[in-house]
Amino acid sequence: MTEPSRAVFLSYASQDAEAARRICEALRAGGVEVWLDTSDLRGGDSWDQKIRRQIRDCALFVPVISATTQDRAEGYFRREWKMAVERTNDISDRVAFLVPVVIDDTTDRDADVPEAFRNVQWTRLPDAVTPSEFVERIAGLMGTTATKVAPSRPISTAPPKPTTPPPAKPTTPARPSAALVVTAAAAVLAIGYLGWQQFRASRQSTAATTGAPESAATATAALTATAAVEQSVAVLPFVDMSEKKDQEYFSDGLSEELIDMLSKVPDLHVPARTSSFYFKGKNETIETIAKQLKVTNLLEGSVRKAGNRLRITAQLIRADNGFHLWSETYDRDAKDIFKVQDEIAAAVVEALKIKLAPGHQAASSHRTSNTEAYNEYLLGRQFFSQGEPDSLKRSIGAYKRAVALDSSYAAAYAGLAFAESYLADVTGDSPGLERAKVAAETAIALAPTEADGYAARGFLRFDFAWDWPGSRADLEKAVSLDPSDSDARRRYGDLLVSQGQHADGIAAIKKALELDPLSSRTWGDLANSLIVEHDYDGARESLRRALEIAPQSSYILSDVATLQLLEGKPMEALGNFRRSEMDAFRLPGIAMAEHSLGHHVESQRALDETIAKTAMGSAYQIAEAFAWRGDKDKAFEWLERAYRQRDGGLVTINSDPLMTSLRADPRYKVFLRKMNLPE
């Protein structure tokens, strides 16, 4: 056979020779050139040179992965893998190259493979994908059209299952297979500096935990059934391909900035950060991601940062067929990052054929002329997203450095306001709330036409100052300036619910979910709002959805357990309260559930532990526990303490079902008046 210089190289363990042969035959039948080493006498200098030449010249390298390759730490196939990885180290040669194929149930999580294999999307051929479909994909990656061949059985190491030939059907025009999306994306992502992080699935069924029915409840059915919007794009987290893998905050920051910029384009639907970043590190196909986010296009890419030099690669993919609408690589100085953002956003808008009004362009509001200040801003945002007290402290430090480097940096002041207030809420630090207020006011003064400052001040006025008219004005202003701000819309909905405007509040929260459909926090807020309306079915379905997204969330587990308490299921509630990792939710929840079970000693023990550990940050939750137990005096005592500590939980008091026992007490109306809440 004449060995082609540009072909697919199939690398396999000898025990997988039959599967490799079948893959090879299918590819060749489809018109794809394949180099397959079938020699029984492998090894030696001549073999090594021959293999090295083929790997150097091949168009695609297809390693066949199975339980066999798992069991063999050594073997000729591993030498081939090593050579292939060495080739990918040559940046100029990183064209669609690595296409790993798995022929059994071996998972990427456990596979013993080079790291470069993990950084690209895998193709699986055990049971669902036929060779004819695979040929179609590979031909597409090679830039050719596959010769039409009869569909064949799946490639698998397992014995073939007996089948009954189906009745003949009329021939119909073939349309691109959905599976084409996977490998088309994989080919581009195989570009070394694009190594899209290998997604790892961690889906869990939570219906048993929440007791949710299989069908969607009326309150959430419309949200989960909405079709994809044609003019839509999701920005996936760009991958950090820097040598030390220490620039993730920068690559994430680029993604967030592009989300922010593109979301401002009229008539373009762009899911918010929480939803787009949900898929980071998960093993999901392009098609699956697009379906869950209800978009037709995906923007993805990578960032390699070395000193002051950047290499940013981006590509826009049509999800239903895997076609690349646009791709580009930018080699720039770090100080040109905003220019690159502008160019990427403009290219996406042009590729999607969106008509902008004259003079209008996608623009970011988070800019500064000081590159170091921007770097600190991105660090502050990254630390803030982690949510832990230590991370919040680091976030505050980064934001403070940003404003020290650029005293006119409004976005950094807004970020500082959020970070200071979140930390103050969990620590009971009143001075921190004052610092947050000053930062928010500064952000508005510096940038009165940007939404960030109003969103921050509106949040502070709502959660801690209980300035309801002021909060409403700020949040409405934030939404008007940035209609894509899902967090501002969610908080606005929460504000309306707290004021007794339940229908309007629920509508606002649902709008936030349209913008950010994979936000567990927003699903939880919707559930709590539905509980106020005694729509327990809708609340249960919302919590089921929230737990699918964030199965370990202490906030959502607490919400689930609270609903179970209200439904008279204290044993189930106890189990979910115990699953929470946050003492502020876990301990008072246990106290309430144990009380409902008649375990008074255990209830008191949990409540005593709550007071000892979390009194400074969870006075409101302690008041809830006393109210649920019927101890009104203690409940009001802790409400007063929560008031003094400016506890953020107090905003829910007028709609909190755990406080029902207090509502007939005259002290309750007095307390509401003190907070300027409707009676």
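Using a 1.4 Å probe on the protein heavy atoms only, what accessible surface does S661 show? Give it in Å² to the nearest 10.
That residue has around 40 Å² of solvent-accessible surface.
Going down the list K477/K634; K50/K282; K355/K510; K305/K477; K291/K437; K353/K510, which pairs span over 32 Å between their C-alpha atoms?
K477/K634; K50/K282; K305/K477; K291/K437
What distance in nm lies between label points placed 7 Å from Cα along the C-beta direction at D504 and T449?
2.9 nm
How high is the FRET efficiency from E230 to E567, r the C-beta distance, R0 30 Å, rounded to 0.05?
That pair, E230 with E567, gives E of 0.10.
Fully extended, how many nm does the chain gain between R605 and R53 (0.36 nm per residue separation, minus their Cα-Cα distance)?
Extra length from R605 to R53 when fully extended: 191.5 nm.
How much of D342 can a 1.4 Å solvent probe reach, expressed as accessible area in Å² and rounded to 10?
Only protein atoms counted, so the area is about 50 Å².
Which FRET efficiency, nearest 0.05, do L597 and K280 yield, Cβ-Cβ r, R0 41 Å?
The calculated FRET efficiency here is 0.55.
So how strong a dipole does the range 625-679 carry about its Cα centre when Lys and Arg Cβ are +1 and Asp and Glu Cβ are -1, to the nearest 20 debye?
Working: 11 positive and 8 negative charges, 27 e Å.
Approximately 120 debye in magnitude.
Mean separation of Cα pairs under 8 Å and 6+ residues apart, divided by the residue count of the range 537-577: what relative contact order is that in percent?
About 31 percent, as a whole number.
Per residue of the range 476-493, what does 6.51 cos²θ - 1.76 cosθ + 1.60 with θ = phi - 60° give for ³J(HN,Hα)? Whole Hz please, x for Gly and Pro, Karplus curve as stated.
5, 5, 4, 5, 5, 6, 9, x, 8, 6, 5, 5, 5, 5, 4, 5, 5, x
Given a 1.4 Å probe and heavy atoms of the protein chains only, how would you sort Y620, Y555, largest accessible area at the top?
So the residues, ranked largest to smallest area, are Y555, Y620.
Taking only protein heavy atoms into account and a 1.4 Å probe, give the accessible area per residue of the range 238-349 in Å².
About 34 Å² of surface per residue is accessible.
Let me have the relative contact order for the range 531-676, percent, based on Cα pairs under 8 Å that are six or more residues apart.
That works out to 15 percent.
Around R21, what is the net charge, scoring Lys/Arg as +1 and Asp/Glu as -1 over all other residues with Cβ under 13 Å from its Cβ?
-2
Accessible area of the range 494-614 with a 1.4 Å probe: how many percent of it is carbon plus sulfur?
It is 49 percent, rounded to a whole number.
Can you compute 3J(HN,Hα) from phi for each residue in the range 395-400, using the Karplus curve 6.51 cos²θ - 1.76 cosθ + 1.60 with θ = phi - 60°, rounded to whole Hz and x for Gly and Pro?
After applying 6.51 cos²θ - 1.76 cosθ + 1.60, I find 4, 4, x, 5, 4, 5 Hz.
Between the range 299-323 and the range 618-645, what's the alpha-carbon centroid distance in Å?
Measuring centre to centre over Cα atoms gives 52 Å.
Using a 7 Å offset from the Cα along the Cα-to-Cβ direction at both S14 and K335, what is the distance between the two label points in nm, to one decimal?
6.1 nm
Between the range 364-416 and the range 521-565, how far is it from one alpha carbon centroid to the other, in angstrom?
32 Å
Kindly report the accessible area of the range 502-588 per residue (heavy atoms of protein chains, probe 1.4 Å, no ligands, DNA or RNA), in Å². Kindly include the intermediate steps, with their values, before the conclusion.
On the way: 3000 Å² over 87 residues.
Accessible surface, normalised per residue, equals 34 Å².
Note the full-extension length gain between S385 and Q70 as 0.36 nm times their separation in residues minus their Cα-Cα distance, in nm to one decimal.
109.7 nm
Residues of the range 376-460: accessible area per residue at 1.4 Å, in Å²?
Ligands and nucleic acids excluded, the figure is 39 Å² per residue.
With r as the distance between the Cβ atoms of D112 and E25 and R0 = 35 Å, compute the FRET efficiency 1/(1 + (r/R0)^6) and round to 0.05. Working shown, then result.
Numbers: r = 28 Å, r/R0 = 0.79.
The calculated FRET efficiency here is 0.80.
Pairs of Cα atoms under 8 Å, at least six residues apart: use those to get the relative contact order of the range 358-495, whole percent.
Once divided by the residue count of the range 358-495, the mean separation gives 16 percent.
For the ranges 324-332, 434-442, what's the packing order if you count other beta-carbon atoms within 10 Å of each residue, average per peptide, and put the highest first?
434-442, 324-332
The values are calculated or read from the model by the stated rules, or taken from the named source; none is laboratory data. Since this is a predicted model, take the numbers as computed values, not measurements. Because the Cβ atoms are built from the backbone with ideal geometry, glycine has one as well, and the counts that use them run over all protein chains shown. Side chains included, ligands, DNA and RNA excluded: accessible areas come from the protein's heavy atoms. Shrake-Rupley method; radii C 1.70, N 1.55, O 1.52, S 1.80 Å.
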